[in-house]
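J.: This structure is in structure tokens; I'll ask about it shortly.
The values are calculated or read from the model by the stated rules, or taken from the named source; none is laboratory data. Just so we're clear, the structure is a prediction, and the values are computed from it rather than from any experiment. Please note: Cβ atoms are built from the backbone with ideal geometry, for glycine as well, and neighbour counts cover all protein chains shown. In case anyone asks, the SASA skips ligands and DNA or RNA and just uses the protein heavy atoms, side chains included. Shrake-Rupley method; radii C 1.70, N 1.55, O 1.52, S 1.80 Å.
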Amino acid sequence: MNKATARAHPNIALIKYWGKRDQALFLPATSSFSMTLDGLSATTTVEFSERFSADQVELDGRPIEGKALLRFQMLFDRVRALSGVDCPVRVASTNDFPTAAGLASSAAGGAALAAATSWAAGLDLGAHDLSRLSRQFSGSACRSVEGGFCEWRRGERPDGQDSFAVQVAPPAHWPSLRMVVAVCSGAEKPLSSRAAMQHSVETSPFFAAWVDQVPRDLALAKEALLRRDLGALGPIVETNACRIHAVALGAHPPTFYMRPLTIEVIDAVQSLRRDEGVGAWFTLDAGPNPVVLCEEKDAPRVAARLRRIEGVERLVTAGPGEGVCRLDEHLF
Ligand code: DP6
């Protein structure tokens, strides 16, 4: 049967990916580094069959059409070319967290899609091949193929063969590390990460400084993670997140992702640290929802503090999660 189902988890970058050196191949300007989250997930079923008259994709029950479908079809075509399976495909995918609100839904969805499509076509790709395939659906997806802490190496080759994610440490390396996601708005973001990062590449004078700085941030973050030293990791994570927003704010016209509530959450995190000695640091993707990095013992206190802020819709606490896995139960 040419049908398979995969589940993958989102990842949140500790050191961000912001800007491509090759848009068609999804080759990043810099390497990046992330933690895969447990708890939240995307589940995707893929079937290849002559019964279908055309490729069809459904996300959380909504059909995907037009330009959005083309992005999926590029991945299907790659898998068809690799496997020799040459018939239409049907895909259904569900997310248990808000789509397109800065919670890296495309990362979990992209990794699950690449895995399920390759399995449904009978391919048995290794983690690095799956990472390369996921990368070409959404860059950050390549970091959700494996669990724990992964580095997406930018690579040097123009064909992108050396641009994929490698696991730096498994989830068991630091099982007590937590990320508390503060959902300030589940609404769609005004500008996708894809469009915004390209806009930064083309118009932000700070982009070159960003590219220059990331290798230093990444080396420090990796060392701190390998030593399980949150006091060293937290500050670099917070600074690196602020730097992508500085690059985006320097674009013309500027790209803003923060909402008033985002700033309130950030203030609360900084005051917990300054006034109460809690080891908590924030990061922020291309959306309004801050994610707080802390130890398991402090997560309830962080969550209790953020819950008091009016407007925070939901708090999700996650530890380091596993990579993509195969499920026997299908969505259709
Ligand atoms: C801010 O991976 O969504 O979350 O490669 O164009 O699909 P595309 O972009 P995407 O960008 C993620 C940007 C980020 C930072 C990160 O996850 O590293």
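J.: Above 39 Å lies some portion of the pair distances; for the chain, what is it as a whole percent of all C-alpha pairs?
T.: 10
J.: Take the Cα coordinates of the stretch 177-318, assign each an equal point scatterer, and use the Debye formula without solvent to give log10 I(q)/I(0) at q = 0.10, 0.12, 0.14, 0.20 Å⁻¹.
T.: Rounded to two decimals, the profile gives -0.35, -0.51, -0.69, -1.22.
J.: For the stretch 177-318, which whole-number percentage of the solvent-accessible area (1.4 Å probe, protein heavy atoms only) is attributable to carbon and sulfur atoms?
T.: 55
J.: For E322 and S49, FRET efficiency with R0 = 25 Å and r from the beta-carbon atoms, rounded to 0.05?
T.: Computed FRET efficiency for S49 and E322: 0.25.
J.: Sticking with the crude label model, points 7 Å out along Cα→Cβ, report the distance from R71 to A209 in nm, one decimal please.
T.: It works out to 3.0 nm between the two label points.
J.: Under the 0.36 nm per residue contour assumption, what length would be gained going from the current alpha-carbon distance of S271 and A219 to full extension?
T.: 15.9 nm
J.: Report the net charge of residues surrounding R301, where surrounding means a beta-carbon distance below 15 angstrom and charges are Lys +1, Arg +1, Asp -1, Glu -1.
T.: Local net charge: +2.
J.: Cross-link candidates for K67: which aspartates and glutamates have Cα within less than 19 Å, leaving aside residues fewer than 8 places away along the same chain?
T.: Partners found: D55, E58, D77, E188.
J.: Still on this structure: Which value, in Å², gives the accessible area per residue of the stretch 3-174 when a 1.4 Å probe is used on the protein heavy atoms?
T.: Using a 1.4 Å probe on heavy atoms only, each residue of the stretch 3-174 averages 34 Å².
J.: Which of the helices in the chain, when you take each full DSSP H run, stretch at least 20 Å along the axis at their Cα atoms and have an average Kyte-Doolittle score of 1.0 or higher?
T.: 230-249
J.: Calculate for the chain the 222 nm mean residue ellipticity that helices alone would give, adding -39,500 (n - 2.57) per DSSP H run of length 4 or more and normalising by residue count, nearest 500 deg cm²/dmol.
T.: Here the helix-only value at 222 nm equals -12000 deg cm²/dmol.
J.: Set the Förster radius R0 to 35 Å, insert the Cβ-Cβ distance between L331 and R301 as r into 1/(1 + (r/R0)^6), and round the FRET efficiency to 0.05.
T.: Computed FRET efficiency for L331 and R301: 0.40.
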